[in-house]
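Down below is the structure, laid out as structure tokens.
The values are calculated or read from the model by the stated rules, or taken from the named source; none is laboratory data. Since we're looking at a predicted model, the values are computed, not measured. FYI the Cβ positions are ideal-geometry reconstructions off the backbone, even for glycines, and counts take in every protein chain you see.
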């Protein structure tokens, strides 16, 4: 493997593939924190030149965490479509990038291609792509999933309603839910992050939301984002769990820090396939985000973009209903500012889609990073144009439990109008019956929780 | 694209997607047998312990007795704000910007030196050189700089039963607003068990774990670390307190007890101070802090 190039009379020699992958990244504070970032712009482009000349085969043969040592690597390697891999293994990354951008490959062909690509290759591709490359390639891929409603159809853009409350007060959760529904939010999921990860909290949250969904006959899915083991206990106790939730990480060690392993996820998938309340066939919801592996010390010296791609390699084993990259929550030591968050959001969405995943994004920022509402709105427009399946929907974007800002009910409504996107067909019909939407646009009475109240 | 064409395209994509789901080899666990179909309503009723009733009321019928004001009162979320087209109204937009500005300024703010002096805290620095480095290098915020470590040894009381360390964390505004009231309520309530008062420290650009270094240097028994919490839009003035029984232990986060969300609209500082005193007394009596192993 040639890991050397000469630029402007200076020779750049990279120690190993892992080091090369790190230095080929766009600048990220997390890679700097890990000591993996390029020293300057020239070293960065040198790394990309070397990477562009490597073959798909070379990247497969050198996973960033060894096969024998890591079950996430084994899931990625063993799950590949051997036929597709054989067709492309001799391509260089430069050639593969052009193939992915070529209009000759439609969405179906890109999905087929993705099934033969290990996560490290998809990460390497993202490193060689500009923001608009990432948008145009991802926009051609539609990933359609179904639980109760159908997510990801062309021309559709959905919303996970996130009605969090600082004490899990059921009426408070319902209040935010009702207001969100009145803006046409909530067609992907009504999903609450509970304050405490207990069976009791889960039952309280699911109980009141299921009552609402039944009373108003809302064609959607309900989820309480507790740890997967809590969700499994609820399922075993007969709770009507539509969708099982879990956060994923890109290595066995990092997964262990989240309290999960492949065997557990396999059991969870089997349990929700058998006993889940939603129609299916897709019944899992995963969240990911760059920086989590480094944060738990499970990154094995690999950069945060590559570790994120490996989350998707793990996720696709389970054919989830939704995968959400939470892109601006982790803090400035991993993604410093609006520019880095924008880049990470576009990378993650592209990588997830090429993995065949129903990607959405929690487009967000915390108050201790160099980003503001304008950065959030910019990325939201870019990702909606790129065909993201869903965003979060919160009252004014303000999460009063987790203390950060994400996309608002207003933002999602505005994005639909701007880009002529509609909710899921089932949910759009419901909004029309309720007099809240006509011809894909909110009606005058939409936009207040009072429309559902006496 | 005309509607019939779009419809045809949608149908085609759905059928292809469904066919793909069916055709692809499923991972082993997904091969479970199809579930026995059970009407969802009956299942929810059973699970909630309700007597199975008639079908849920349909559109147009009241489903709750709660009115709009009762729902709005039930949450601090920004609800009922109306809209200007699909965007927010000017008044609500400006209120949002005001709250974000307060949060941003809290992150970059510095603690009032007069407060540190008035409370008799010895000022220290972490290894982070400035605010930017503090935000980008969490490891540096968890360590003292060399001069400060020397100052701890020179000014601190060795082997104190209770050692106080205050750090600015992510909000100096939170210390300015709530620290005096918190300590004012806590210290008198501690009683004799806490031993003779040891000099407290304030660490600029410090994270919670920097307190551990102070306790190690001084061989303290119980460490109380007060920190400014990450500001949200609701408040930029929230404090958190971490109590760690230190002697003879290697500390992990799970071995701290904490009180969080201390601010005027959350847990008031005076009440938090009284709770903190009780927590310290219990920790000294039981020689333990942190979560018990869950059953």
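The single condition among (1) in contact (Cβ under 8 Å) with a residue 12 or more places away in the chain; (2) closer than 21 Å to residue A:449 by Cβ that residue A:214 does not satisfy is (1). Among residues of the range B:98-112 that are over 14 Å from residue B:238 (Cβ atoms) and within 8 Å of chain A (Cβ to nearest Cβ), those with a Cβ under 9 angstrom from a residue that is modelled with pLDDT of 95 or more and in a helix (DSSP H, G or I), sequence gap 6+ or separate chain, pair up as B:100/A:373.
Just to be sure I understand, how many residues within the range A:309-328 are part of a loop (DSSP other than H, G, I, E, B) and away from chain B (no Cβ under 11 Å)?
4
Any idea which of B:111, B:81, B:116 is surrounded by 19 or more Cβ atoms within 10 Å (Cβ to Cβ), closer than 30 Å to residue B:133 by Cα and over 22 Å from the mean Cα position of the chain (by Cα)? The match here is B:116. With respect to (1) assigned to a loop (DSSP other than H, G, I, E, B); (2) modelled with pLDDT of 95 or more; (3) under 25 Å from residue A:213 (Cβ atoms); (4) out of contact with any strand residue (DSSP E or B) (no Cβ under 9 Å at 6 or more places or on another chain), the lone exception for residue B:77 is condition (4). Quick check: is even one residue across the range A:176-186 part of a helix (DSSP H, G or I), at pLDDT below 95 and more than 10 Å from chain B (Cβ to nearest Cβ)? No, there is no match, as no residue in the range A:176-186 is part of a helix (DSSP H, G or I), at pLDDT below 95 and more than 10 Å from chain B (Cβ to nearest Cβ). Only a single item in (1) surrounded by fewer than 23 Cβ atoms within 10 Å (Cβ to Cβ); (2) at pLDDT 95 or above; (3) in contact with a strand residue (DSSP E or B) (Cβ under 9 Å, 6 or more places away or on another chain) is not met by residue A:168, and it is number (2). Being in contact with a strand residue (DSSP E or B) (Cβ under 8 Å, 6 or more places away or on another chain) and either touching a residue at least 40 places away in the same chain (Cβ under 8 Å) or facing another protein chain (nearest Cβ under 10 Å) (or both) is the filter; apply it to the range A:202-211 and report the residue that is nearest to residue A:148 (Cα to Cα). Among those residues, the one meeting the criterion is A:210.
Results for (1) within 12 Å of another protein chain (Cβ to nearest Cβ); (2) over 28 Å from residue A:429 (Cα atoms); (3) surrounded by fewer than 20 Cβ atoms within 10 Å (Cβ to Cβ), shown as yes or no for each residue.
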residue: A:190; (1), (2), (3): no, no, no
residue: A:218; (1), (2), (3): yes, no, no
residue: A:233; (1), (2), (3): no, yes, yes
residue: A:256; (1), (2), (3): no, yes, yes
residue: A:266; (1), (2), (3): yes, yes, yes
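Residues in the range A:100-117 include none that are closer than 22 Å to residue A:4 by Cα and touching a helix residue (DSSP H, G or I) at 6+ places or on another chain (Cβ under 8 Å).
Considering (1) without any contact (Cβ under 8 Å) to a residue 40 or more places away in the chain; (2) in contact with a strand residue (DSSP E or B) (Cβ under 8 Å, 6 or more places away or on another chain), the lone condition that residue A:52 does not fulfil carries the number (1).
Residue-by-condition table, conditions (1) in a loop (DSSP other than H, G, I, E, B); (2) modelled with pLDDT under 95:
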{"residue": "B:235", "(1), (2)": "yes, yes"}
{"residue": "B:248", "(1), (2)": "yes, yes"}
{"residue": "B:251", "(1), (2)": "yes, yes"}
{"residue": "B:254", "(1), (2)": "no, yes"}
{"residue": "B:258", "(1), (2)": "no, yes"}
{"residue": "B:261", "(1), (2)": "no, yes"}
{"residue": "B:265", "(1), (2)": "yes, yes"}
{"residue": "B:277", "(1), (2)": "no, no"}
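For the range A:274-286, indicate whether the set of residues that are more than 14 Å from chain B (Cβ to nearest Cβ) and either touching a strand residue (DSSP E or B) at 6+ places or on another chain (Cβ under 6 Å) or buried (at least 24 other Cβ atoms within 10 Å of the Cβ) (or both) is non-empty. For the range A:274-286, residues more than 14 Å from chain B (Cβ to nearest Cβ) and either touching a strand residue (DSSP E or B) at 6+ places or on another chain (Cβ under 6 Å) or buried (at least 24 other Cβ atoms within 10 Å of the Cβ) (or both): present. Taken together, A:100, A:143 contain a single residue that is closer than 30 Å to residue A:73 by Cα and in contact with a strand residue (DSSP E or B) (Cβ under 8 Å, 6 or more places away or on another chain), which is A:143. Among the numbered criteria (1) assigned to a helix (DSSP H, G or I); (2) without any contact (Cβ under 8 Å) to a residue 60 or more places away in the chain; (3) in contact with a helix residue (DSSP H, G or I) (Cβ under 8 Å, 6 or more places away or on another chain), which single criterion is violated by residue A:348? With (1) assigned to a helix (DSSP H, G or I); (2) without any contact (Cβ under 8 Å) to a residue 60 or more places away in the chain; (3) in contact with a helix residue (DSSP H, G or I) (Cβ under 8 Å, 6 or more places away or on another chain) applied to residue A:348, the lone miss is (2). Applying the criterion of at least 2 residues that are within 14 Å of chain A (Cβ to nearest Cβ), surrounded by 21 or more Cβ atoms within 10 Å (Cβ to Cβ) and under 24 Å from the mean Cα position of the chain (by Cα) to the helices (runs of 4 or more DSSP H) found wholly in the range B:122-226 leaves B:131-136, B:172-190.
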